[in-house]
């Protein structure tokens, strides 16, 4: 399956990468490696992960307290958010609802 990120999801990854890299050189790269492994799993088994809201699914990122929130649309997986699990769950839900209504997918 093809993989696409929304603009907000790209921003999520860039911000988290920068934060981890600031904590320790190389940690940001480790974060990206873990995201890549999670997304490879999502691509191989897109329906394996739990539904959390409407058609949105959540895949946890190993080693880091983040999750990937995505939908499956035809032959494409759309990544809507890469969120820190320590954030307010209502914030995550609001973000997902906002993404659900946003036509801008890149």
Problem set entry | Of the criteria (1) within 13 Å of residue 3 (Cα to Cα); (2) part of a helix (DSSP H, G or I), which one residue 95 fails | (1)
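One line per residue, one yes/no per condition, for (1) more than 12 Å from residue 1 (Cβ to Cβ); (2) modelled with pLDDT under 95; (3) surrounded by 11 or more Cβ atoms within 10 Å (Cβ to Cβ):
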position	(1), (2), (3)
17	yes, no, yes
29	yes, no, yes
40	no, no, yes
60	yes, no, yes
65	yes, no, yes
73	no, yes, yes
81	yes, yes, yes
84	yes, yes, yes
Problem set entry | The lone exception for residue 48 - which of (1) closer than 20 Å to residue 28 by Cα; (2) part of a loop (DSSP other than H, G, I, E, B) it fails | (1)
For this session: Determine, yes or no, whether residue 21 is surrounded by fewer than 16 Cβ atoms within 10 Å (Cβ to Cβ) and either over 15 Å from the mean Cα position of the chain (by Cα) or assigned to a helix (DSSP H, G or I) (or both).
Result: no
Exercise. Does the range 62-76 contain at least one residue that is under 19 Å from residue 98 (Cα atoms) and either in a loop (DSSP other than H, G, I, E, B) or over 11 Å from the mean Cα position of the chain (by Cα) (or both)?
Worked result: yes
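The values are calculated or read from the model by the stated rules, or taken from the named source; none is laboratory data. Everything numeric in this text was worked out from a predicted model, so none of it was measured. Cβ sites come from the backbone with ideal geometry, for glycine too, and all protein chains shown count toward neighbours.
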